[in-house]
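Report on the structure given below.
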Amino acid sequence: MRMYDDIQLDFPDVLLRPKRSTVISRSDADLTRVYSFLHSNVQVSGTGIINANMGTVGVFEIAKKMLGKNLFSCLHKHYNYEQVEEFLSSVNPEQKPSVFLSIGLRERDIDIAKRAIAYDPKVSICIDVPNGYIPPVKKLVVTLREMGYEGPLMVGNVVTGDITEDLILSGASIVKVGIGPGSACLTRRITGVGRPQLSAVIECAEAAHCVGGMVCADGGITCPGDVCKALGAGADFVMIGGYYAGASEADGEVIEKNGKKYKIFYGMSSEYAQKKFYNGMPKYRASEGRLVEVPYKGSIDDINDEILGGIRSCMGYIGARRLKDIPKFASFYRVNRQLNTVFEG
Ligand code: 5GP
């Protein structure tokens, strides 16, 4: 047994420190960044906020809205090849790299990836496996690159620098970071495994950047300030699931209870998702995801405007003029209490 006893931090454990700033008006803050990907000559310009590839939010309706704001999108794994192809052919060619199609390790998924690559070797792909530490993940990265795949490749999930570096050197462009921080996630409760997200992102971002790769902070966003903190920690992309789940464009009906509106949101390892997408839950598996009703929030455009406004204002406080500069200008206070909740709940 070994104990790592340095303090491990989550988003609510820190606040960004304000600094002398010349970013006076919010319009001085430039939110676009040109992303160039390792192992690929694809470039795309945008702001690195990306919807999670979950059954509710990884849908075409959300993707269209994300692209409309010059953000990124990750589609869920349960569309068939024809559906994905049809959607991608409707996207403005300059924004195509902003849409990631997701695959796991199942035969069906790998088949979809091969067909997509044969059609367009520069398509953006996300290999998404809850445990990115297992050898088949790295093997799939290597196999895709050996096949001549040249697109932006996101791979995850992990929470440590060693494996981040390994996946990037094997062919990944972006490593997805997060084990257990998700709003619909029960992994920490069921398995006792995980790492506080801010510390995971800081370590993995440093490891990735040292070898020319990038990271996507996946999970744990509860407010626009958390997105700013993830960017400050070095995340090139920030992936959001639950915080988008109440959007009208997310899959599922609006439910009314006692005059209040809700939408259903579920983890992709929940029994609900297993039943919906895979004909039930195998006996050897415990559910590592929950099913919840989240308050209805209206259009995702309003949620994204609030997030983008938050980032702009954060840049004003810390003095960063360009999105890419945020980590350089970020310093954190460790705090005991980040919010005044006197009027909440
Ligand atoms: P959120 O933004 O909701 O906090 O986190 C979204 C992330 O949670 C997803 O991108 C994915 O990595 C993770 N996630 C989604 N469903 C499940 C699940 O059922 N179990 C676990 N452990 N994680 C999940």
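Let's see how each residue does on (1) aliphatic (A, V, I, L, M); (2) surrounded by 18 or more Cβ atoms within 10 Å (Cβ to Cβ); (3) within 17 Å of the chain's Cα centre (by Cα); (4) farther than 25 Å from residue 139 by Cα:
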site: 63; (1), (2), (3), (4): yes, yes, yes, yes
site: 66; (1), (2), (3), (4): yes, yes, yes, yes
site: 77; (1), (2), (3), (4): no, yes, yes, no
site: 82; (1), (2), (3), (4): no, no, no, yes
site: 92; (1), (2), (3), (4): no, no, no, yes
site: 96; (1), (2), (3), (4): no, yes, no, yes
site: 99; (1), (2), (3), (4): yes, yes, yes, no
site: 105; (1), (2), (3), (4): yes, no, no, no
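Yes/no matrix, rows are residues, columns are (1) aromatic (Phe, Trp, Tyr); (2) within 25 Å of residue 27 (Cβ to Cβ); (3) away from the ligand (no atom under 13 Å from the Cβ):
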| position | (1), (2), (3) |
| --- | --- |
| 248 | no, no, yes |
| 261 | no, no, yes |
| 271 | no, no, no |
| 320 | no, yes, yes |
| 331 | no, yes, yes |
| 343 | yes, no, yes |
Among the residues of the stretch 105-121, is any in contact (Cβ under 8 Å) with a residue 12 or more places away in the chain, among the aromatic types (Phe, Trp, Tyr), away from the ligand (no atom under 16 Å from the Cβ) and part of a helix (DSSP H, G or I)? yes
Subset tally (residues that are away from the ligand (no atom under 15 Å from the Cβ), in contact (Cβ under 8 Å) with a residue 24 or more places away in the chain and surrounded by fewer than 16 Cβ atoms within 10 Å (Cβ to Cβ)) for the stretch 277-304: 3
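Mind telling me which of the residues 152, 181 ends up being more than 16 Å from the ligand (Cβ to nearest atom) and either surrounded by 17 or more Cβ atoms within 10 Å (Cβ to Cβ) or among the basic types (Lys, Arg) (or both)? Lay out the reasoning, then the answer.
Values: 181 fails: more than 16 Å from the ligand (Cβ to nearest atom).
Going through 152, 181 in turn, the sole match is 152.
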Has the stretch 219-231 got any residue that is under 16 Å from the mean Cα position of the chain (by Cα), more than 11 Å from the ligand (Cβ to nearest atom), part of a loop (DSSP other than H, G, I, E, B) and of a type outside the set (D, E, K, R)? yes
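Where a number appears in this text, it was derived from the coordinates with a stated rule and is not lab data. Because the structure is a prediction, the values reported are computed rather than measured. Glycine also receives a Cβ, built like all others from the backbone with ideal geometry; neighbour counts cover every protein chain displayed.
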